[in-house]
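Here's the structure, in structure tokens; my notes come after.
We did not get these values from a lab; they are worked out from the coordinates using the rules stated. Treat the numbers as computed from the prediction; the structure is a model and nothing was measured. Cβ sites come from the backbone with ideal geometry, for glycine too, and all protein chains shown count toward neighbours.
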There are 2 protein chains.
Amino acid sequence: MFTLYSMQRSGNCYKVRLALAQLALEYNLVEIDIIKGETRTPEFLAKNPSGHVPLLEAAPGRYLSESGAILWYLAGGTPLVPDDRLERGEMLQWMFFEQHSLEPYLGAAHFWLVLIKGGRDLQMHAIEEWMERGYKALRVMEQHLEHHRFFAAGRYTIADIALYAFTHVANECGFDLTGFPAVRAWLKRVSEQPGHVSMDWRPAALEIAE
Amino acid sequence: MFTLYSMQRSGNCYKVRLALAQLALEYNLVEIDIIKGETRTPEFLAKNPSGHVPLLEAAPGRYLSESGAILWYLAGGTPLVPDDRLERGEMLQWMFFEQHSLEPYLGAAHFWLVLIKGGRDLQMHAIEEWMERGYKALRVMEQHLEHHRFFAAGRYTIADIALYAFTHVANECGFDLTGFPAVRAWLKRVSEQPGHVSMDWRPAALEIAE
């Protein structure tokens, strides 16, 4: 059985928990508090030198990090990943877009403004950059969604899971989605997929202690 | 035949040109000058709303962006991508790591300090962040390479191509690799792979005008 090292309020971790729920896969859940430094301990860094969650123990002693890679690993061969090579490439394109052009801005805003709630290390130029680049990514998504119901293959895939995680909480950290009707309609479509769970949901019965 | 929209001096574009060369795939090459704004024209944005190169026309009218997705698309089913599901997940992990934790810092430093050579928009806090986070990524790579010859599957894969592009020019933008002997030895191994081409190399006979 998989073991997932995850922080409940992390958007990157939510992606993996959502996919696991929709794929009806059982797993052990180890809650890791980034804010308390639990990704910086020698024990955790031995599992993932990058010091990030989510982290999946995919096989005994084999740890997989990076939410996009974990999604791809878990969902391969399921309806959440298209079979067609080019459609799969397009799906990965949006997953790389998410990690490169959206998560660093919406994710940082969510971490600092919602989870940490400010802090002395937070600088105004950083917030301005998150806003400018975050809106730029949202405009690219809006343009695509004006003509497509989902991001790849004409159906719900792990690209939608990846992009949903931070976009659905963007309003909590100051992003105004009023001017993004196609994004808002897509958020609703994603939330209505079979087996959808919210960011707050946790598989309590499966939880184990670190 | 594929058409690749690429800028010769871009590290992200070099990844794709290197893979195409090693896979001995023929393609049309369209040179795009980011600095002259050629990724911001209506014609280019119609092909890729993100406004980035590399961009691959994979089939007539079907455009694939994001270097990692293009690499995956081109190299699927070849020796540059492992067959084993978990090894493939580990390869993708390093490709997401590259786009999230290395390219935004080494890539930005390369763009601003080597290609643009400064400019009035360049701010000191940005350079400090590139250095701090770039060295952090290099330390994670060093730690992995102390025990592995390549990033995934025990052999040369597209994860190595992805990580090589900006790492092999890091010295040009102020990164000192003296303290990273495992990274330096890996750079040499990558440069010695069959069919390796340098960043300057171009398939002149295939070039077409935009």
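What does the charge add up to near B:PHE97, with Lys and Arg as +1, Asp and Glu as -1, over the other residues with Cβ less than 10 Å from its Cβ?
Working: positive: none; negative: A:GLU66, B:GLU98, B:GLU103.
Its environment carries a net charge of -3.
Any idea how far the Cα center of segment A:38-108 sits from the one of segment B:168-187, in Å?
26
Counting Lys and Arg as +1 and Asp and Glu as -1, what is the net charge of the other residues whose Cβ lies under 14 Å from the Cβ of B:PRO194? Before the final figure, lay out the partial values.
Details: positive: B:ARG155, B:ARG189; negative: B:ASP160, B:GLU192.
My count for the surroundings of B:PRO194 gives 0.
Based on Cβ point charges of +1 for Lys and Arg and -1 for Asp and Glu, what charge dipole magnitude is obtained for chain B about its Cα centre, in debye rounded to the nearest 20?
On the way: 20 positive and 26 negative charges, 25 e Å.
So the magnitude is around 120 debye.
Size of the dipole of the protein assembly as shown about the Cα centre, Lys and Arg at +1 and Asp and Glu at -1 on the beta carbon, nothing else charged, in debye to 20? Please list the in-between numbers first.
On the way: 40 positive and 52 negative charges, 8 e Å.
For the protein assembly as shown, the charge dipole is close to 40 debye.
By how many nm would the segment from B:ASP33 to B:LYS136 lengthen if fully extended, with 0.36 nm per residue of separation less the alpha-carbon distance? Provide the component values of the computation, followed by the final result.
Working: separation 103, 0.36 × 103 = 37.08 nm, distance 3.05 nm.
Here the segment from B:ASP33 to B:LYS136 would lengthen by 34.0 nm.
With chain A treated as a Gaussian network of Cα nodes joined by springs under 10 Å, which of A:GLU31, A:GLU132, A:GLU66 yields the largest mean-square fluctuation?
Judging by the Gaussian network model, the answer is A:GLU132.
Using θ = phi - 60° and the Karplus form 6.51 cos²θ - 1.76 cosθ + 1.60, what ³J(HN,Hα) does each residue of segment B:67-82 get, whole Hz, x for Gly and Pro?
3J(HN,Hα) across segment B:67-82, in whole Hz: 3, x, 5, 5, 4, 4, 5, 6, 9, x, x, 10, x, 6, 10, x.
When the convex hull of the Cα atoms of chain B is projected onto a plane and the area is averaged over all directions, what value comes out in nm²? Numbers along the way, then the final one.
Values: hull surface 46.8 nm².
Computed as one quarter of the Cα hull surface, the answer is 11.7 nm².
Give the Cα extents of segment A:85-191 along the principal axes, in whole Å, largest first.
Reported extents, whole Å, longest axis first: 46, 27, 21.
Which of A:MET199, A:MET141, A:MET124 ends up with the largest GNM mean-square fluctuation for chain A, with Cα atoms connected below 10 Å?
A:MET124
If Rh is defined by the Kirkwood formula over all Cα pairs and Rg also comes from Cα, what ratio Rg/Rh do you get for the protein assembly as shown?
Numbers: Rg = 20.5 Å, Rh = 21.9 Å.
Rg/Rh for the protein assembly as shown comes to 0.93.
Which chain A residue hugs the A-B rotation axis most tightly by its Cβ, and what is that distance in angstrom, to the nearest whole number?
In chain A, the Cβ lying nearest the symmetry axis toward B is A:GLN99, 3.
Would you mind checking which residues have amide H under 5 Å from A:THR3's amide H? H placed 1.01 Å from N; only 5 or more apart, or other chain.
It is A:ASN28, A:GLU57, by chain and number.
Among B:LYS117, B:LYS15, B:LYS47, which one moves the most in a GNM of chain B with springs linking Cα atoms closer than 10 Å?
B:LYS117
Suppose R0 equals 22 Å; then what is the FRET efficiency for B:ASP83 and B:ALA185 from their Cβ-Cβ distance, rounded to the nearest 0.05?
On the way: r = 27 Å, r/R0 = 1.22.
Given R0 = 22 Å and the Cβ-Cβ separation, E is 0.25.
Let me have the relative contact order for chain A, percent, based on Cα pairs under 8 Å that are six or more residues apart.
After rounding, I find 28 percent.
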